[in-house]
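These notes concern the structure reproduced below.
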Amino acid sequence: MTFARRPRRRLLGLASALAVGALLLSGCGAASTAAPADAEPKTGGDLVFLIDSLGATWIPNNSSISSYQGQIWGNVTDKLVYVDAEGNLSPWIAESWDENADKTQFTLHLKSGVTFSDGTPLDAAAVVANLDIWAKGRPDEGINRIGLFPSANYQGAEAVDATTVTVSFSAPTLSFIPTLAYHGSILLSPETLALPADQQADLTKDIGSGPFVVEKVAEGDSVVLKMREDYDWGPEAVGHEGAAYLDTITYKQVAEPTLRTASVESGQAQVAYNASPQDLDALKQEGLTVETPRYLGFVNGYALNTSVAPFDDIKVRQAVQHGIDRDEILSTVYTSDWHAAESFFQSTVPESTDHTADFAHDPEAAASLLDEAGWVKGADGVRTKDGKKLSLTLYPNPYLQASQSVDELVDQQLTALGFEVNLETYDVPTYGQKVIGNATVPATEITRSFVDVGTVAGVLTSQKRGDEDWFRLGTSDATLNDLSTRIATATDREARAKVADELQGYVLDQAYFVPLTQIVQRVYVQAPEVSGVTYNGLAYASYLNAWLNG
């Protein structure tokens, strides 16, 4: 498969057609040079960030984990704990913490003097209010709990004094502190949290404590953030003290990816989000910066539905694992910024271990597995068994970069083995209606970020209410249930790492999950005058330390 490169003339033409109107900046052309390493940061300036979508709601619990709204939330709110790209945790609003021996009670010691942008204190009472709504949500109002927060074991939180909070769980919850760095765990004022859902959905009424405040919202068009002058409590790990350098950030919705990148090329914007992987090398050659941070979490791959044919047969599942040529996917669809999967966890997850051999490309082994399963190749190349064809429908995931291109290659590879593969492509709303949660879909291309490996049990089985049960196993696999329970309830990190290795080996041996590549879900194309952007362990861009050299 080959991809045509768009000529630069085409890109500039598209840029001139982009109606960013009053958002256009003067004196910030793409000819500007990047700041030298020892350059002094400059204060002031307006950064324009072009984004695919601004989502359908701003209810904090429902939108903070979005790949889109999460970009805004990360700059108007703080978190209790910071996580870097390697999974290292460090203090933020919680300047320290203690935990008891069985990991059922935690004490958070808060930084003093922190305030929300309306001047009210971010104190222990405010943290308790946030913990409660992360854990429980208000489902009757349509406010979700925060996914991956250890809600099932959460007993409650108490403000001991203005800067001390104790948090209790009914079972060991080693994942609690890391989850405080998750992008769903954003701190908002108690006044905001008390608002009904329809008012929380108004971003101008959502009060955070972050380095920027919401200046203006044009629904479905743009969000403008303004620097908060009295901010002085950023995470130490970022290495920035005081207020942000930038005056404003404007998030402008532009659906077409080529328009986003063309606008950065022509100097009309400074950041284009989610460029096509096929365009990245050319954009680098033009002097633009391409950032491809990988988040902590699951790799990109197929979760196979064990409750429907043909994936109710382990040999067929294993045949798919060994029938996919991942090197061909990487070299055809992506750039060198993407890496091969080594497990079903990203390699940046501290507990990730290399299980490449469990799903290595081996078409001969794949064919033998299908033979053993009784699937016989016919004259048309399609295998049959008991009068039924070995058929599979793939649904490209519209949330993932290049998903359709990947599925088209997998189609070719599995067809060569004797599968009859169909592709059905939907836009985001239709995909949500027809594919997500559909118990008859045989393979779902999926990934998920997480901060702590202890939270993965909730997606692998359905032992607890709200668990996602990715493989449609229910509670039928006693070994997986046991591994999931042990990883969720561990009290010792070293011992838990061994369980995580065992869990990875078991899931891949059973071929419940078919890894494809390590995921880069958030791609940033940046003008050379932008410096100092930082990316946390969830691959979101923070502009606390960013500045413009132009």
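Brief remarks on what is shown
- Filter pass, ASP98 being without any contact (Cβ under 8 Å) to a residue 60 or more places away in the chain, acidic (Asp, Glu) and under 29 Å from SER352 (Cβ atoms): yes
- In the set (1) in contact (Cβ under 8 Å) with a residue 60 or more places away in the chain; (2) of a type in the set (A, V, I, L, M, F, W, C); (3) under 15 Å from LEU47 (Cα atoms); (4) open to solvent by 20 Å² or more (accessible area, probe 1.4 Å), LEU225 fails one condition alone, (4).
- Total residues in segment 406-443 satisfying the condition of being open to solvent by 40 Å² or more (accessible area, probe 1.4 Å), of a type in the set (Val, Ile, Thr) and touching a Phe, Trp or Tyr at 6+ places or on another chain (Cβ under 9 Å): the figure is 2.
Residue by residue, here is whether (1) under 20 Å from the mean Cα position of the chain (by Cα); (2) under 19 Å from GLU529 (Cα atoms); (3) at pLDDT 95 or above holds:
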| site | (1), (2), (3) |
| --- | --- |
| ILE186 | yes, no, yes |
| GLU191 | no, no, yes |
| GLU219 | no, no, no |
| SER222 | no, no, yes |
| GLU229 | no, no, yes |
| GLY234 | no, no, yes |
| ASP247 | no, yes, yes |
| PRO277 | yes, no, no |
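- Of residues in segment 301-312 being in contact with a Phe, Trp or Tyr (Cβ under 9 Å, 6 or more places away or on another chain) and of a type outside the set (A, V, I, L, M, F, W, C), the one surrounded by the fewest Cβ atoms within 10 Å (Cβ to Cβ): SER307
- Residue match in segment 53-64 (condition: out of contact with any strand residue (DSSP E or B) (no Cβ under 9 Å at 6 or more places or on another chain) and outside any loop (DSSP other than H, G, I, E, B)): yes
- Number of positions in segment 272-315 that are touching a residue at least 24 places away in the same chain (Cβ under 8 Å) and in a helix (DSSP H, G or I): 9
- The residue that is most open to solvent (accessible area, probe 1.4 Å), counting only those in segment 444-475 that are of a type in the set (S, T, N, Q) and within 20 Å of VAL299 (Cβ to Cβ), is THR444.
- Scope segment 398-447; condition touching a residue at least 24 places away in the same chain (Cβ under 8 Å) and of a type in the set (D, E, K, R); matching residues: ASP407, GLU408, GLU420, GLU424, ASP427, LYS434, GLU445
- The combined condition, being closer than 19 Å to VAL308 by Cβ, assigned to a helix (DSSP H, G or I) and in contact with a strand residue (DSSP E or B) (Cβ under 6 Å, 6 or more places away or on another chain), is fulfilled by LEU414.
- For the condition in contact (Cβ under 8 Å) with a residue 60 or more places away in the chain and either open to solvent by 20 Å² or more (accessible area, probe 1.4 Å) or in contact with a Phe, Trp or Tyr (Cβ under 6 Å, 6 or more places away or on another chain) (or both), ALA527 does not qualify.
- Taking the conditions (1) open to solvent by less than 10 Å² (accessible area, probe 1.4 Å); (2) under 23 Å from LEU394 (Cα atoms) in turn, VAL349 satisfies each one other than (2).
- Qualifying residue in segment 127-141 (condition: under 17 Å from ALA181 (Cβ atoms) and either at pLDDT below 95 or over 26 Å from the mean Cα position of the chain (by Cα) (or both)): no
- Consider segment 323-346 and keep the residues that are in contact with a strand residue (DSSP E or B) (Cβ under 9 Å, 6 or more places away or on another chain) and surrounded by fewer than 16 Cβ atoms within 10 Å (Cβ to Cβ). The one that is nearest to ASN88 (Cα to Cα) is ALA340.
- Within segment 79-125, the set of residues being open to solvent by 30 Å² or more (accessible area, probe 1.4 Å), outside any strand (DSSP E or B) and more than 22 Å from VAL453 (Cβ to Cβ) comprises LYS111, SER112, GLY113, SER117, ASP118, GLY119, THR120, ASP123, ALA125.
The values are calculated or read from the model by the stated rules, or taken from the named source; none is laboratory data. Keep in mind that what you see is a predicted model, and the values were worked out from it rather than measured. Here the Cβ is made from the backbone with ideal geometry for all residues, glycine too, and neighbour counts use every protein chain on show. These accessible areas exclude ligands, DNA and RNA; they are computed on the full protein's heavy atoms, side chains included. Shrake-Rupley method; radii C 1.70, N 1.55, O 1.52, S 1.80 Å.
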